[in-house]
Amino acid sequence: MRRFGRGGRLRHFRLQWVLAVAAIAAAVALPVVLISVGGGVSAHELANLENAGYQIVVSAGGSHGISGAHSLAHEIESVGSVTVACPILSVAIDAYNSTASTASMTPVLAEGVIPEEFTPTLGPTESPLFPSPLPLGDPTDSVHYANGSYSGPASYDVLVSTPLAGGYGIHVGQSIVLSPSTNKSLGVAYNVTGLFGVPPSILGPTGAFAVLLPLSDLQVLTGYGPRASASVFDAADTIEVAVTGSVSVNPTALAHVRDEVQALVPLYSVSSLTQEAAQLQAASGVLTGFYLALSSVGLSVGLIFLALVLLRRVETDRRSIAIRRALGLPGRSIAFGILGEGAAIAAAGALAGTLAGYVVVESLARWATSTVQETASLAVFDPTTLAAIALGVVALSALAGAAAVRAALRVPVTEALR
Amino acid sequence: MDATRPPRIEMLGVSRTYGVGTADEVRALREVSLTIVPGESVSVAGPSGCGKTTLLNLLGLLDSPTSGDVQWDGRPVGTLSDRERSHLRLTGVGFIFQRFYLLPTLTALENVELPMRPLRTPRAERLRRASGLLAEVGLDGRERAFPHQLSGGEEQRVAVARALANRPGVLLADEPTGELDSGNTRAILDLLVKVRRDRDATLVLVTHNPEVAARASRHLTMRDGAIVQDVREA
């Protein structure tokens, strides 16, 4: 049923309505995308922290800043409630496929670990990705290390990530040349004794090209081990510390253990993953605020447009407003009518914007380039947050409607009815 | 009509000037004093621009006098807040306009029901009363029609039903038949006389039409913003 005598006026109203809804939808879609993706990435990182097999991290400023990693790990293990401490050295090196007819080089991330210390620091999601025990020769890495002399026989064993093995055509039992630089002649041939999987990462495929080898082997290969050639002796980037189960779930006890470890290594930073999680959550909160601030620009434009639409409606509805006033309808009922219309437009815009944001994120998760796709697939659509955004927009529509209400209540009744 | 009854509406030396202090200053009403008692039917006639509509707007609290005082049931309305004036208009006055002024987006039933909404009358009761009023003005079965689907006479009938929605004591009609043909004019006048009589309401009719004015028992004639003649029928 046609509700207006003049179809042109009705179409005009509909167009204004649709444009206002579209403006608000565009303004709402942006924070929906940013907050859901940002929140999803944060949640993913938090889950990684919570699923880690270690609870305390010792780190130093700069790269490879921890000295005496082997002995330090043993010292830390002497602290009560600590079950294992594993030093980890992470260095970017080059890998050559020695069996290929033409030697092709691939940059890879090499991680040096003490095999038997490393496995307990793996979380429930990572643990199945690695062979157990790690087939890296001496499980304690003490033979080659030989109390810092590095005079013992090296294992020359290496584990290769499945993406690297797949991309490079490497199989267990073959050898691979690892070199600290692009000069292959500086490289050392290692036996591929196993493969390991890579957990889902938002870093893309490059981060999945990795090798794992004994700490002392990597230290010697890269020069971050023996005293004579290194600025730091027996280097590592971090020492991951696992504690007993009862302590890991007790923040107070965990803080106590962290303090004890800190006392052993006063020059290094010691933090618990609980702290890191809290810092990540705080950072996530700051980012959310930033996203909302960024979105407020678009939202302001949308609400200004809404205010103009409502003012225009008052202008065109002057006579209807005057009739209502003449009949004795109170100002508040006219105000509620205008604010209600503003709220309806805002609610429709918020709903459309939320749906648009969802569609954008889902589209990115399906069809975008790999890194963006991976990131978008982590998005979390938190109903509470989305409802808060929608309610906020609807509440702000009252602000946008204030000018229109003021104008409506100032319509001169007798003049408008002439 | 019993002129000894206490006045329903009283105007005491009321003047209304538009554009005070400007070059376009217009004195629409000049020190008018008028007493209207309950149940009275009054016609207001006079040439265009003589102040008839201004008088009606002041009686119906749509406008405020520049000087003088308007009283309703002995109560001065000049001191009332906008909200109180709205409430008095809502409950005490039924307006009927020359151009009907129905809301185009509402059905006939919704137009009649509209003034009942602010009084928090239950919806079922509102709809029942609105249907009854439409039946009373001869529009049974036209409840769901929009104004553009009604004839001029039907629109004015809806406007009369709307004016009666909150059972007001005063009906103010500004040229109620000005846009109607003679057949509809007679029908609307019959209706107004009937509802005034049935409800013992006060009726004030502004009109150019002698046939319309003849339906009232008291006849005011205005000229240049003043009442120049006030005749009560015996």
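Here is how the numbers come out for the structure above:
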| quantity | calculated |
| --- | --- |
| Accessible area buried at the A-B interface, both sides summed, 1.4 Å probe (Å², nearest 100) | 2200 |
| Shielded by partner chains, region A:305-325 residues - at least 20 Å² of accessible area, 1.4 Å probe, vs chain alone | A:ARG319, A:SER320, A:ILE323, A:ARG324, A:ARG325 |
| Cα shape, region A:126-183, gyration tensor, a/c 1.5 rule | oblate |
| Using θ = phi - 60° and Karplus 6.51 cos²θ - 1.76 cosθ + 1.60, couplings along region A:115-129 (whole Hz; Gly, Pro as x) | x, 6, 7, 6, 4, x, 8, 7, x, x, 7, 8, 3, x, 7 |
| Sequence-separation-based contact order of region B:9-232, relative, with Cα cut under 8 Å and 6+ spacing, percent | 30 |
| For chain A, calculated [θ]222 nm from helices alone, where every DSSP H run of n ≥ 4 adds -39500 (n - 2.57) | -18000 deg cm²/dmol |
| Rounded to 5, the percent of DSSP beta bridges in the protein assembly as shown classed as antiparallel | 65 |
| Highest-fluctuation residue, B:LEU189, B:LEU62, B:LEU205 considered, GNM on chain B with Cα pairs under 10 Å | B:LEU62 |
| Kirkwood-based shape ratio for region B:76-143, expressed as Rg/Rh from alpha carbons | 1.03 |
| Whole-number percent relative contact order across chain A, with pairs defined as alpha carbons under 8 Å at least 6 apart | 27 |
| Long-range Cα-Cα pairs in region B:9-232 (distance over 25 Å), rounded percent | 40 |
| B:ARG223 long-range amide H proximity, modeled H, under 5 Å | B:VAL228 |
| At least 50 Å² accessible surface lost relative to isolated chain, residues of region B:34-70 (1.4 Å probe) | B:LEU62 |
| Per-residue [θ]222 nm for chain B (sum of -39500 (n - 2.57) over DSSP H runs n ≥ 4, rounded to 500) | -9500 deg cm²/dmol |
| Separation of alpha-carbon centers, region B:26-81 and region A:326-370, rounded to whole Å | 47 |
| With every protein chain in place, the protein assembly as shown: carbon and sulfur % of accessible area (1.4 Å) | 57 |
| Accessible surface, chain B, averaged per residue in Å² (probe 1.4 Å) | 43 |
| For the protein assembly as shown, alpha-carbon Rg and Dmax in angstrom | 43.3, 136 |
| Gaussian network model of chain B, springs between alpha carbon atoms under 10 Å - residue of B:VAL70, B:VAL158, B:VAL20 with greatest fluctuation | B:VAL20 |
| Shape of region A:34-150, Cα gyration tensor, a/c cut at 1.5 | oblate |
| For chain B, built as a Gaussian network whose Cα springs stay under 10 Å, the top-fluctuating residue of B:THR66, B:THR105, B:THR35 | B:THR105 |
| Neighbourhood net charge (15 Å Cβ-Cβ; Lys/Arg +1, Asp/Glu -1) for A:ALA400 | +2 |
| Cα centroid separation - region A:284-303 against region A:392-407, whole Å | 19 |
| Interchain or long-range residues, amide H under 5 Å from A:THR83's placed H | A:ALA242, A:VAL243, A:THR244 |
| Relative contact order (%) - criterion: Cα under 8 Å, at least six apart; region: region A:61-267 | 32 |
| FRET efficiency for B:VAL228 and B:ASP140, using Cβ-Cβ distance with R0 set to 41 Å, rounded to 0.05 | 0.40 |
| Of the DSSP H helices in chain A, those whose Cα atoms cover at least 27 Å axially and whose Kyte score averages 1.6 or more | A:383-409 |
| Residue-wise HN-Hα coupling along region A:170-185, computed from phi with Karplus coefficients 6.51, -1.76, 1.60 (Hz; x: Gly, Pro) | 9, 10, 4, x, 7, 10, 9, 9, 10, 9, x, 9, 6, 7, 5, 5 |
| Backbone HN-Hα couplings from phi across region B:82-89 [Karplus 6.51/-1.76/1.60, Hz, Gly and Pro as x] | 4, 5, 5, 5, 4, 5, 5, 5 |
| Using a Förster distance of 25 Å, the FRET efficiency for A:LEU287-A:GLU50 (Cβ separation, nearest 0.05) | 0.80 |
| Long-range amide H partners of B:VAL44 with built H, under 5 Å | B:LEU205, B:VAL206, B:THR207, B:LEU220 |
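The values are calculated or read from the model by the stated rules, or taken from the named source; none is laboratory data. This structure is a prediction, so every number in the text was calculated from the model and none was measured. Every residue, glycine among them, receives a Cβ derived from its backbone with ideal geometry; neighbour counts consider all protein chains shown. Surface accessibility is based on the protein's heavy atoms, side chains included, excluding ligands, DNA and RNA. Shrake-Rupley method; radii C 1.70, N 1.55, O 1.52, S 1.80 Å.
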